[in-house]
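One structure is given below, represented as structure tokens, and several questions about it will come after.
Every number here is computed from the coordinates shown, using simple stated rules; none is lab data. Bear in mind that the values here come from a model prediction, so they are computed numbers and not experimental data. Every residue, glycine as well, gets a Cβ built from its backbone with ideal geometry; the counts of neighbours run over all protein chains shown.
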Amino acid sequence: MTRTLALALLSVAVLAGCKREERSLRMAPPVAAKLDDVRLMPNQIGGAPPYVLAALGQPYEGNAYQLGLGKTLYTWFNCDGCHAQGGGGSGPALIDGWWRYGSDPASIYVTIRNGRPNGMPAFGDKLTPEQTWQLTGYVRTMGAEQASTAAPSRNDDLQSRPSENRAPAATSPPARVAW
Amino acid sequence: MRHRLALDLAALPLHGKSWSSITWWGTLAFMLIEGTGFALVIAIYLYLANIASEWPIAAPPPDLGPGTLLTVVLLVSLVPNFLVLRWADRSDVTKVRIALLVMIVFGIVPLGLRAFEFPALHTRWDSNAYGSITWILLGLHTTHLITDLIDTIVLAALMFTRHGHYKRRIGDVQDNGLYWYFVVATWLPIYAILYWGPRL
Amino acid sequence: MRLRWTSAVLSPLGCAGCVGWQSAMDPQGPQAEHLHRLIWLFTGVAAVIWLLVMLSLALAIWRRRDRSDEPVVPTNAARERRSAVVVFMAVGATVGVIAGLTLASYLATRQVSEASAEPLKIRVQGYQWWWQVSYLDPAAARQITTANEIHIPVGRPVNIELAAADVIHSFWVPNLAGKMDLIPGRDNRLEFTVARPGQYRGQCAEFCGLQHAHMALLVMAESEADFETWQNAQLAPSAAPDSDERRSGRQIVTGKACGACHTVRGTEAAGTIGPDLTHVASRAYIAAGVLPTTRGSLAAWVADPQTIKPGNNMPMVPLTADELRAVSAYLSALK
Amino acid sequence: MSEARAEAGDRTETLDRDLPPALLEQRLAVTWGTLAGFWGWLTTVDHKLIGRRYLVTAFVFLLLGGVLAMMMRLQLARPENRLLGADFYDQVFTMHGANMMFLFAVPVMEAVGVYLVPLMIGTRNIAFPRLNAFSYWMYLVGGLMLWTAFALDMGPDIGWFAYVPLSGPQFGYGKRSDIWAQMITFTEVAALAVAVEIVVTVFKQRAPGMSLDRIPLFVWAMLVTSFLVIMAMPAIMVASTSLILDRLVGTHFFNPAEGGDVLLWQHLFWFFGHPEVYIIFLPAVGMTSTIVTTFARRAIFGYVPLVLALIATGILAFGLWVHHMFATGLPRLGESFFTASSMAIAVPSGIQIFCWIATLWLGRPVLAVPLLFILAFFATFVLGGLTGVMVASVPLDTQVHDTYFVVAHFHYVLIGGAVFPLLGAIYYWFPKITGRMMSERLGRSAVGLLFVGFNLTFFPMHLLGLAGMPRRVYTYPAEMGWGGGNLFVSASAVILAAGFLVFFIDAIRSARHGAPAGDNPWDAATLEWATPSPPPSYNFAFLPVVTCANPLWDERDALPVATGLRVERRELLVTSAAEARPEARESSPRNSIWPLLSAIATSVMLIWSIFSPWAVVWGSIPIGIALIGWFWPKGTPEDDA
């Protein structure tokens, strides 16, 4: 009885086949190369992401592992140096919902890859397209109105603001303010 | 296998009270579980305080007001609770009904005060480990206040129905009263450590 | 002698590694010696006790005391009493053995954790999934940073400061000492001495994620003189490329993604996320003990790190065949 | 008015002694029976049906866990094997550990207790039978949740011990860790519920005359185990809850940067984790004592020392959690203390071993399959205990900790120490549960295969560990020279698996076609054999009266029984805790659907709370409603008294 029940449930679940937790560790080079064909509008704001993303099932929007790696890259490449915890410093804030150069994935991808006027450096020569997309995906979770269940949680360091899985970040009170 | 009659039980009561009641022992067992839980959380508090360089971390000691008031209310509530148990023991249904209504009030008031206790901590669960442990400690006890309040309300309702007349209900009332003693008893060490610990 | 005995026992299992470069049964320093002796003491005692218990059990089963045909064996007070005495003595013996072993264990702890006068101070930091090794020389100029390979002089006590950069790891070189965890927020220390020159392999012993299996390190024990020369070689900046191929290799390493994570002292590559590559070719292995360092393995690693060590943090940087050749040529020259 | 009602109740009362035997059994069956069909299956509160359900489920999980083990052995059979990827292997070994500990070992022991304790102490149902039903549903959902997650590539990949920070908010990507933590909540709620039932059943429902010194040793073992559960499980629930909080709402219990501590997790986990071992082992001690008594054909030697040993083990179990943390660099003094206490626990174990051997020595051993399993247990468990003494030594442990030596050690303790007695117990009590005997012939081959296969599989792991092979590695380089040993182990694992297969085949076959057993096929001494096999829904037509430690041996001709219980309501006897003097004729709850509904509501809340903290608020409302429905009187004779 129990066994059949279990099997039934498992098979149903498998058929549902949601892969949000899948960890693809290696992307075939040809696919990885396609990740870079982003087409932007002439003004370099807004555009179409590569078709391959859809084929891959939008891993940089719903896959917790990819977003987690994105958060790691955000730390490793010292994005906080300018965007301090997404709150903004010498660079603009990333959690206030305002995007000078477009909030859609393609624009953000290009922003990271090519850089932007007034200080945003180009990371195209430091990050592979795959990494750039991971970072893009993570940056989009930072200011999200509604937290995705795949969004990363806090880091094991000093508490600065509620983590991405507790969005909306902009409206949450800064943690250190005593009530 | 064959057997011989050796004992006649026909004279025994149809329901056991306190020591002879199964639910009474069950309540005791659950108190042991939850007591262990409280003890562990307090142990975590002491552990974290012990490794911390400053305690409380990045916050003044909590305000004494609401917590102390709540403690007083809980201590006062022991009187009606005692009366409930006594009248239940005498199966005085009418008095038990009234006393239960009083106990409902004594269940609601602490919850109101508890709402002021959290801000009085001057920290948040996500500020640092001190905030986390204090909120959990308060939260854990709050859940006990809530569950016992609901239990009391349901029981009071039950006592006003025809079911109120059965001896079994008396047992339920006694178990509920016993559990309230536990809720108060667990609060005292928590109060001491939460409000006076940081002041030592 | 004991060693030969172990290997004799183990060889049928094809377990040649037991007496080898990552084994608790092949001690190469005083600390490991003490532990080795302790292991044998406990094993011996345990074996004797096990045999005694099994013997008495066998006797109990096969030597039938009771000949009666009663459905249940009647108990005989006198026999019960005699057995009680025996059981009581057995329990007493257990207590005695336990006390003895506890004492032995305590003494061993004391011997192993004796601190020495002025040890060589090294800081090992665990990363997912490699080891950063820094030599803490009071003179800042003489501080060396390398990865996955610890050179130490024979006979001089080494004091290793253990820290974790991300998750918990555990430092374990069984031929030299017991293991000690690297724990975020809590630095640990481990001290040991190597008696004989040689290569001793160690490996992370606390599950630390995807590539826990491929997080090895090598301890190179050598004479004071060799250690000196190694130190001076490491202090020098990276070797300048001596051919066009290597020159373009350096350009790629510094210009492309490599430099963002790796440092090659003497070039613009100053990343701090991955291992220091200044003298990468001087190490016996790359990728924390996965591949022996050759030009070929370097090329293979750069070309496709995720196939060789799936899940590790090195991305697959798109390179043309020529670029790859140049990079491997350059890296394999970083002696 | 209440008096009137009570009298009315009294007037209609029919006593068991007023009815002829046939009619009595008929009436009792009506009062205590379970409805036929699916509805009955959902609503039953019969401890035997629920215990059986628990048993079957636990053994299904054993089978699944075994499959995982074989997958791991396949992967490790040769160096640098790429059969299972690193990510999948991590999920597999985590699932194997979590599944075997939380979904097999603990529940299966409780299952045996739930089934046997009421029978052994001569009562009609377990205390809080509805809680019992609830606990099974919780356990089932917890298990299904874990395995569903695994099927979705969402299985936990953090080890069954889930050390932070690897399982924490920063490095435990996605929901995998939360699945693990919530599975803990499910299984611990179930375990705690059963523990409470068993404690109260043993304290208050023993047959009249069963004073403390007449309690069967298996019941003593389950009693101590239940107290261990009650004291130890809260620790892991606190731990897993704070882990979820760290991950979901950003608390800092385990974040060193904000005053938290990484080792706090290990303290909490092992404060539960070590007693856990004894929660699994002590019931096996009880089973061993029972089987040894029956097949040595004499009263157990050293009843009192054995009981004291059980209690001593239970207490000491809380004094040695730190010996899992000897490599974390804790202060030396503390470590020496924990070395001493860890070794001290060898003394009660010694007492048990010696008393069993003495019993066999003074008795007339009958080498039936259950006893054969116990002999296998002696050989393996003693060895496991001795390696346990080795890992209890701080310096020695720094060499073997987290190596295959430890893997070998705890499999010797858990399989040798717990699973062998368990299988012996299944062969022993199978006739009582199903009314049919298992096959002696298949049984013997099962013992042989299991014993040989087990030792060939796990003994070499000691050597691999000393040869430097760490645990939880998904592969190893060829030049390490571990290939031969691992291949040998993997091959032997097939023999072990074959042994389990034979056991399962025998169990399934015998359930249908086994030889009819009769009431007491082994001529055993304890009360569960004083009633038909399988026992009727009411367990005993007349509650037995106990006059000695081995009633069925010393009262051969006729078992003394008590009368005077009513038949039209579920009535059982409450007796005093120490002397078991009759105190009241208490009623026992009828079948109910509310435990299932409450379990569903609770499951929804727990799973939802992985994704949103608000689940705790909104999800609690249906739980409250379900519980009120559960406890609100239904006007049955059981409620009205």
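Looking at chain D, identify the longest residue range that excludes and avoids all GluC sites (Glu not before Pro) in DSSP loops having at most 14 other Cβ atoms within 10 Å. Spell out each step's value before the answer.
Working: sites that count: D:Glu80, D:Glu568, D:Glu579.
Counting at most 14 other Cβ atoms within 10 Å as exposed, the longest clean stretch of chain D is D:81-567.
Modelled label-to-label distance, C:Glu161 and B:Ala10, 7 Å Cα→beta-carbon offset: nm?
8.7
Ignoring everything except DSSP H segments at least 4 long, calculate the 222 nm mean residue ellipticity for chain C; use -39,500 (n - 2.57) per segment, divide by total residues, nearest 500. Let's see the in-between values first.
Numbers: 9 runs with 131 residues, N = 335.
Calculated at 222 nm, the ellipticity per residue is -12500 deg cm²/dmol.
Another one. Along Cα→Cβ, 7 Å out, is where each label goes; now give me the distance between the ones at C:Trp40 and C:Phe88 in nm to one decimal.
Once both label points are built, they end up 3.9 nm from each other.
Nearest 10 degrees is fine. How inclined is helix C:244-255 to the longest principal axis of chain C, computing both from alpha carbons?
Orientation of helix C:244-255: about 70 degrees from the principal axis.
Still on this structure: On C-alpha positions alone, give me the angle between the axis of helix D:483-513 and the longest principal axis of chain D, in degrees, nearest 10.
10
Right, next: Which longest uninterrupted range of chain B lacks any trypsin sites (Lys or Arg not before Pro) assigned by DSSP to a loop state (not H, G, I, E or B) and surrounded by at most 13 other Cβ atoms within 10 Å?
On the way: sites that count: B:Arg2, B:Arg90.
In short, B:91-200.
Provide the net charge surrounding A:Asp36, with neighbours chosen by a C-beta distance below 15 Å and charges set as Lys +1, Arg +1, Asp -1, Glu -1. Walk me through the numbers on the way to the answer.
On the way: positive: A:Lys34, A:Arg39, A:Arg113, A:Lys126, C:Lys256; negative: A:Asp37, A:Asp125, A:Glu130.
Taking every other residue near A:Asp36 into account, the sum is +2.
Once you have the Kirkwood Rh of the protein assembly as shown from its Cα pairs, apply Stokes-Einstein at 25 °C and 0.890 mPa s and quote D in µm²/s. Can you show the working numbers first?
Numbers: Rh = 33.9 Å.
D, rounded to a whole number, is 72 µm²/s.
Normalised by the residues of chain D, what does the relative contact order come to in percent, with Cα pairs under 8 Å and at least six apart? Provide the component values of the computation, followed by the final result.
Values: 1060 pairs, mean separation 132.6, N = 641.
Computed value for chain D: 21 percent relative contact order.
For Cα pairs less than 8 Å apart in space and 6+ apart in sequence, what is the mean separation divided by the residue count of the stretch C:244-332, i.e. the relative contact order in percent? Don't jump to the answer; show the numbers that get you there.
Numbers: 125 pairs, mean separation 30.6, N = 89.
Reported relative contact order: 34 percent.
Looking at the square roots a ≥ b ≥ c of the eigenvalues of the Cα gyration tensor of the stretch B:1-82, which shape do they give, rounded for a/c under 1.5, prolate if a/b is larger than b/c, or oblate?
Oblate, because a/c is 1.5 or more while a/b does not exceed b/c.
If you don't mind, there's one more thing I want to ask. Apply 1/(1 + (r/R0)^6) to the Cβ-Cβ distance of A:Ser160 and B:Phe82, taking R0 = 35 Å, and write down the FRET efficiency to the nearest 0.05. Write down the numbers at each step before the final one.
Numbers: r = 51 Å, r/R0 = 1.46.
In this case the efficiency is close to 0.10.
Normalise the Debye intensity by I(0) for chain C, one equal point scatterer per Cα, no solvent, then take log10 at q = 0.13, 0.14 Å⁻¹ and round to two decimals.
Summing over Cα pairs of chain C leads to -1.03, -1.15.
Could you tell me how many degrees, from 0 to 90 and to the nearest 10, lie between the Cα long axis of helix D:594-608 and the main elongation axis, the longest principal axis, of the Cα atoms of chain D?
The helix D:594-608 is inclined about 20 degrees to chain D.
Once the Cα gyration tensor of the stretch B:34-199 is found, what semi-axes does its equivalent ellipsoid get, as square roots of 5 times the eigenvalues, in whole Å, sorted largest first?
Values: eigenvalues 257, 39, 29 Å².
Ellipsoid semi-axes (Å, largest first): 36, 14, 12.
Got the relative contact order for the stretch B:34-199 handy, in percent, Cα pairs under 8 Å and 6 or more residues apart? Each step should come with its number before you reach the end.
Values: 162 pairs, mean separation 58.6, N = 166.
Relative contact order, the stretch B:34-199: 35 percent.
Is the stretch C:244-332 best put as rounded, prolate or oblate by its Cα gyration tensor, with a ≥ b ≥ c the root eigenvalues, rounded for a/c under 1.5, and otherwise prolate when a/b is larger than b/c, oblate when not?
Numbers: a/c = 1.28, a/b = 1.19, b/c = 1.08.
Cα axes put the stretch C:244-332 in the rounded bin.
Trypsin sites (Lys or Arg not before Pro) within the stretch D:578-641: which are DSSP loop residues with at most 16 other Cβ atoms inside 10 Å?
Working: sites: D:Arg585, D:Arg590, D:Lys634; in loops: D:Arg590, D:Lys634.
Of the trypsin sites (Lys or Arg not before Pro), the ones in loops of the stretch D:578-641 whose Cβ has at most 16 other Cβ atoms within 10 Å are D:Lys634.
For the stretch B:116-146, which chymotrypsin sites (Phe, Trp or Tyr not before Pro) are in a loop by DSSP, counting at most 15 other Cβ atoms within 10 Å?
Here no chymotrypsin sites (Phe, Trp or Tyr not before Pro) fit, given the DSSP loop and packing criteria.
Quick check on my link table: of D:Lys48/D:Lys432; B:Lys95/B:Lys167; B:Lys17/D:Lys48; A:Lys34/A:Lys71; A:Lys71/A:Lys126; C:Lys256/C:Lys309, which ones sit more than 18 Å apart, alpha carbon to alpha carbon?
Working: D:Lys48/D:Lys432 11 Å; B:Lys95/B:Lys167 15 Å; B:Lys17/D:Lys48 28 Å; A:Lys34/A:Lys71 23 Å; A:Lys71/A:Lys126 16 Å; C:Lys256/C:Lys309 21 Å.
Cα-Cα > 18 Å for B:Lys17/D:Lys48; A:Lys34/A:Lys71; C:Lys256/C:Lys309; rest within.
Largest first and to the nearest Å, give the Cα extent of chain D along each principal axis.
Principal extents (largest minus smallest coordinate, Cα): 83, 62, 49 Å.
Net charge near C:Gly255: determine it from the other residues with C-beta under 13 Å of the C-beta of C:Gly255, scoring Lys and Arg +1 and Asp and Glu -1. Each step should come with its number before you reach the end.
On the way: positive: A:Lys126, C:Arg247, C:Arg250, C:Lys256; negative: A:Asp125, C:Glu268, C:Glu323.
Surrounding charge for C:Gly255 is +1.
Turning to a different aspect of this structure: Starting from the amide H of C:Ala147, placed 1.01 Å from N in the peptide plane, find each other amide H under 5 Å away whose residue is 5 or more places distant or on another chain.
C:Val133
Assign one of three labels to the stretch D:336-405, namely rounded, prolate or oblate, based on the Cα gyration tensor with a ≥ b ≥ c the square roots of its eigenvalues; rounded applies when a/c is under 1.5, prolate when it is not and a/b is larger than b/c, and oblate otherwise. Can you show the working numbers first?
On the way: a/c = 5.27, a/b = 2.02, b/c = 2.60.
Because a/c hits 1.5 or more and a/b fails to exceed b/c, the stretch D:336-405 counts as oblate.
How much FRET efficiency would the formula 1/(1 + (r/R0)^6) give for D:Trp608 and A:Ser24, where r is the Cβ-Cβ distance and R0 is 41 Å, rounded to 0.05? It would help to have the intermediate numbers written out before the result.
Numbers: r = 28 Å, r/R0 = 0.69.
Working from the Cβ atoms, E equals 0.90.
Which of the helices in chain B, when you take each full DSSP H run, stretch at least 27 Å along the axis at their Cα atoms and have an average Kyte-Doolittle score of 1.0 or higher?
Taking the DSSP H segments of chain B (at least 27 Å long, mean hydropathy at least 1.0), we get B:22-51, B:65-89, B:93-120, B:129-159.
Now a separate question. Could you list the chymotrypsin sites (Phe, Trp or Tyr not before Pro) in the stretch A:46-102 that lie in coil according to DSSP, counting only those with at most 12 other Cβ atoms within 10 Å of their Cβ? It would help to have the intermediate numbers written out before the result.
On the way: sites: A:Tyr51, A:Tyr60, A:Tyr65, A:Tyr74, A:Trp76, A:Phe77, A:Trp98, A:Trp99, A:Tyr101; in loops: A:Phe77, A:Trp98, A:Trp99, A:Tyr101.
When the chymotrypsin sites (Phe, Trp or Tyr not before Pro) of the stretch A:46-102 are filtered for loop state and at most 12 Cβ neighbours within 10 Å, A:Trp98 remain.
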